[in-house]
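The structure appears right after this line, and notes come after that.
The values are calculated or read from the model by the stated rules, or taken from the named source; none is laboratory data. Model, not experiment: these values are computed from the prediction. Cβ coordinates were reconstructed from backbone atoms using ideal geometry, including for glycine residues, and neighbour counts include every protein chain displayed.
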Amino acid sequence: MFPTIKFIFLVTTYTLLIPSIAFESESTDPIPEPWPQQFHAITIMNYTQGLRKVDLWYDWPNKRYMHINQYQLGKTLYDVEWQNGTSFYFTLDSTQECTIRHFPVGILRPNWLEGSNYVGQKYKDGFLCNVWEKVGFLQYYEDAVTKIPVYWHFYDGLVEHIMTFEAGKVLENSKWQAPAYCFKDVEKESRSLLENLATNHFRDVTEN
């Protein structure tokens, strides 16, 4: 949806005369840590629909990604996404709500932050962070020492604080399966369910 930043280095007479200076200037900025192939994170998200606690499961080897959204004093909504562009949004309570959507892109690659613009260092939630920006999409805060993500600030106002981050943690296969009622009357979409969930903002990055 938003174009990925592409850096173009202009070769000038100055850099040709003093190549060591040009090399040094290009290599000073830190590089964001790629996401682990598999991880589990718990985050607190604040958006227009209010607060929610999110269990985030990322599983690149199996090309799947899940958000379990627990809204403050509200329902729990599941968002399961697959590399083929299919996403299931559903509840597991008696309401049996489910919406299926198809996107032209899959899930995020582990190195999706490549090409981000380095902003500098800032303190966030008590942690000294390196900060990168994907223009028109988000600012990404990563702990300067541990390289663990700390905070995501999306440009539509959504903010997400990372509370725990467990690299290598894998969710069992049975938990990824959408319930049977998702496959009944698939043409009937629950618009209220989608509006409450506000979909997954990281889908926007994969459309670049």
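Considering region 100-115 alone, what residues qualify as being of a type outside the set (A, V, I, L, M) and touching a Cys at 6+ places or on another chain (Cβ under 8 Å)?
Hits for region 100-115: nothing passes.
For (1) under 27 Å from residue 103 (Cα atoms); (2) buried (at least 18 other Cβ atoms within 10 Å of the Cβ); (3) at pLDDT 95 or above; (4) hydroxyl-bearing (Ser, Thr, Tyr), each residue gets a yes or a no:
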residue	(1), (2), (3), (4)
1	yes, no, no, no
8	no, no, no, no
29	no, no, no, no
34	yes, no, yes, no
40	yes, yes, yes, no
48	yes, no, no, yes
62	yes, no, yes, no
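Within region 97-121, work out how many residues are part of a loop (DSSP other than H, G, I, E, B), buried (at least 17 other Cβ atoms within 10 Å of the Cβ) and either in contact with a helix residue (DSSP H, G or I) (Cβ under 7 Å, 6 or more places away or on another chain) or not hydroxyl-bearing (Ser, Thr, Tyr) (or both).
The number of residues fulfilling the criteria is 7.
When the residues of region 159-195 are filtered to those that are part of a loop (DSSP other than H, G, I, E, B) and polar (S, T, N, Q), which remaining residue is modelled with the highest pLDDT?
So, considering only residues that are part of a loop (DSSP other than H, G, I, E, B) and polar (S, T, N, Q), the one modelled with the highest pLDDT is 177.
Being of a type in the set (Gly, Ala, Ser) and in contact with a strand residue (DSSP E or B) (Cβ under 6 Å, 6 or more places away or on another chain) is the filter here, so list the residues in region 169-187 that pass it.
The answer is 178, and nothing else.
Can you name every residue in region 73-96 that is buried (at least 17 other Cβ atoms within 10 Å of the Cβ) and of a type in the set (Asp, Glu)?
Correct list: 79, 81.
Kindly indicate which of 125, 156, 204 is modelled with pLDDT under 95 and exposed (fewer than 13 other Cβ atoms within 10 Å of the Cβ).
156
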